[in-house]
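Asker: Sharing a structure with you now.
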Amino acid sequence: MNFKSNAKMDADQRGKNTMTQQLIAKTLMVAVFGYLLVEGSSAAYASSTPESFADIAEKLTPTVVNISTTQVVDRDRAPEIPKFPPGSPFEDFFREFFDERGEKNDDSQPRRRRRATSLGSGFIIDKEGYVVTNNHVIEDADEITVTLHDDTRLEAKVIGRDPKVDIAILKIETDIDLPTANWGDSDKTRVGDWVVAIGNPFGLGGTVTAGIVSARARTLNGTYDDYIQTDASINRGNSGGPLFNLNGEVVGVNTAIYSPTGGSVGIGFASPSNLVSRVLSDLREFGKPRRGWLGVKIQDVTEEIAESLGLDRARGALVAEVVGDSPADKAGVQSSDVILAFDGKEVKKMRELPRIVAETNIGKNIGMVVWRDGVETRLQVSVGELDEDEVVVASRSNRGDRRSPQRKEIGELGLIVAELTDDVRDRYELPEGASGLVVVDVDGDSDAAQKGLRPGDIIDEIQQTPVDTAEAARSVINQAKNLDRSVVLLRVQSGENVRFVPLKIEG
């Protein structure tokens, strides 16, 4: 009895030992697997983090040059010299101080000349001697000198420049075998990628800074801004230098910094290579940039505007006006259309459309999607060439003031309007071809006042419906009310500007 009990106990103990051994083995396997997984991840991470940028710097620094410019500033007349008694010792001193012995102009008056100098960076993109820099580095320069990595100084001439993208291309003549930088694909550059900025400021030689891409598609003040933001230091004198990826390819041209002190605070901006290389191609071939043109005046789509148009959310670019005989006009684009897509690219915000159109090949027949009357409509348009010097000015009549206009109230919008007559056109100096209702007074507490409507503004559409009488305006507003709309969209002409204004329906 006791023997059996002891045997049974020994069997139970052996079973427990086996289970313990299995548990220990499984625990060890999990631990080893976890260790390998962590070590593998660390190794993969470490392999993507460069131990040094020395190889990249050594290879690419010779492609970066210093740009120095000189501008001769003439002053047609020197400041008047204080009068002193003849023979006074101060007379000669002030005569020399004010440079009266300088060059004379036609009036035999003193002319003062001084030389203003600026410094920046650039980089070589072609063995034929083509150098890229910022437009603001060489703007208004009388003389431009390029200093190579080996301190060779060469005179440069401007082949072309584009102030809108702040890019210029120069040409130097030399028998030296020039090192060149290669373009990369800036569209593949992601936030968090390593980048290296190289400059040649103040003629001191190449400087190298490294950082990451902090953000994409940044805008400053330009129409075509699409900057890469980086925390790689871009200090004074580094403007015009290249921003490289770890493959040694140029993905941007260092252009600007945000700084309250003038030095780098970790916020720098570079023009993306895909935009710059396209502009440079035009500058080399035509001497000027060539941009696509649609022929519309546009504005942001706000939440209120989206609601008034029945659009699901604020997106796209709202067409405020279509230029006559433009590509948009020929394609059937209408005022109050919302452009949602252009050439297969979604237009998320209004500011994206000018850049997308500008980068489209001139003469290309492309498709576009617009929001019109509550549905998406597809159009075909042949992209034209933008003439940036063209300015369209509306003519106005100015025949003096006659009689006060007949005032009619639209209380739902906080407006008092008048129908367009010759007397009203004269009073507010409106164009002959203008149509619609003229604002003659605005309730100071209304949404219209907050949105900036002023006497003299013309309302020619409400909810995409033309209106030329107060009764027609009230009818459109009542239709919007019946559709449970709390906002109506007005097309407003203020002088030469046309815009859409969403107004809350009151009462």
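Asker: Would you mention how many residues in the stretch 318-336 are more than 20 Å from ASN365 (Cα to Cα), among the small types (Gly, Ala, Ser) and within 24 Å of the chain's Cα centre (by Cα)?
Answerer: 1
Asker: Any residue at all in the stretch 441-451 that is in contact with a helix residue (DSSP H, G or I) (Cβ under 9 Å, 6 or more places away or on another chain), among the β-branched types (Val, Ile, Thr) and more than 30 Å from MET350 (Cα to Cα)?
Answerer: no
Asker: Could you say which residue among GLU304, GLU285 is in a helix (DSSP H, G or I), more than 30 Å from ASP126 (Cα to Cα), charged (D, E, K, R) and more than 18 Å from the chain's Cα centre (by Cα)?
Answerer: Going through GLU304, GLU285 in turn, just one is in a helix (DSSP H, G or I), more than 30 Å from ASP126 (Cα to Cα), charged (D, E, K, R) and more than 18 Å from the chain's Cα centre (by Cα): GLU304.
Asker: Kindly indicate which of ALA197, ALA168 is farther than 22 Å from ASN247 by Cβ and either assigned to a strand (DSSP E or B) or of a type outside the set (Lys, Arg) (or both).
Answerer: ALA168
Asker: Limited to the stretch 125-182, what total is found for residues that are small (Gly, Ala, Ser) and touching a Lys or Arg at 6+ places or on another chain (Cβ under 7 Å)?
Answerer: Residues meeting the conditions: 4.
Asker: Scanning for something modelled with pLDDT of 90 or more and either in contact with a helix residue (DSSP H, G or I) (Cβ under 6 Å, 6 or more places away or on another chain) or farther than 19 Å from SER308 by Cα (or both), does the stretch 472-486 turn up at least one residue?
Answerer: yes
Asker: Out of the residues in the stretch 200-223 that are on the phi > 0 side of the Ramachandran plot and outside any strand (DSSP E or B), which is modelled with the lowest pLDDT?
Answerer: Applying the filter and picking the extreme gives GLY203.
Asker: Sticking with this structure for a sec: Here are some residues: THR189, THR180. Which one is in contact (Cβ under 8 Å) with a residue 24 or more places away in the chain, surrounded by fewer than 18 Cβ atoms within 10 Å (Cβ to Cβ) and among the polar types (S, T, N, Q)?
Answerer: Of THR189, THR180, the one residue that is in contact (Cβ under 8 Å) with a residue 24 or more places away in the chain, surrounded by fewer than 18 Cβ atoms within 10 Å (Cβ to Cβ) and among the polar types (S, T, N, Q) is THR180.
Asker: Still on this structure: If a residue must be surrounded by 19 or more Cβ atoms within 10 Å (Cβ to Cβ) and charged (D, E, K, R), how many such residues does the stretch 448-459 contain?
Answerer: The qualifying residues number 1.
Asker: Could you please let me know if ASP231 is out of contact with any Gly (no Cβ under 7 Å at 6 or more places or on another chain) and not polar (S, T, N, Q)?
Answerer: no
Conditions tested, residue by residue: (1) in a helix (DSSP H, G or I); (2) more than 22 Å from ILE298 (Cα to Cα); (3) touching a strand residue (DSSP E or B) at 6+ places or on another chain (Cβ under 7 Å).
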site	(1), (2), (3)
ALA448	yes, no, yes
ILE459	no, no, yes
GLN479	yes, yes, no
ARG491	no, no, yes
PHE500	no, no, yes
LEU503	no, no, yes
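Asker: Still on this structure: Going through ARG218, ARG161 one at a time, which residue ends up being in the same structural domain as LEU275 (by TED's automatic domain parsing) and among the basic types (Lys, Arg)?
Answerer: ARG218
Asker: I've got another one for you. Which condition from (1) at pLDDT 90 or above; (2) surrounded by 14 or more Cβ atoms within 10 Å (Cβ to Cβ) is the one that GLY374 breaks?
Answerer: For GLY374, the failing item is (2).
Asker: With the requirement that a residue be of a type in the set (Gly, Ala, Ser) and surrounded by fewer than 17 Cβ atoms within 10 Å (Cβ to Cβ), what does the stretch 268-313 give you?
Answerer: Answer for the stretch 268-313, where residues must be of a type in the set (Gly, Ala, Ser) and surrounded by fewer than 17 Cβ atoms within 10 Å (Cβ to Cβ): SER281, GLY287, GLY310.
The values are calculated or read from the model by the stated rules, or taken from the named source; none is laboratory data. All values derive from a computational prediction rather than experimental measurement. Virtual Cβ from ideal backbone geometry, glycine too; neighbours counted across all protein chains shown.
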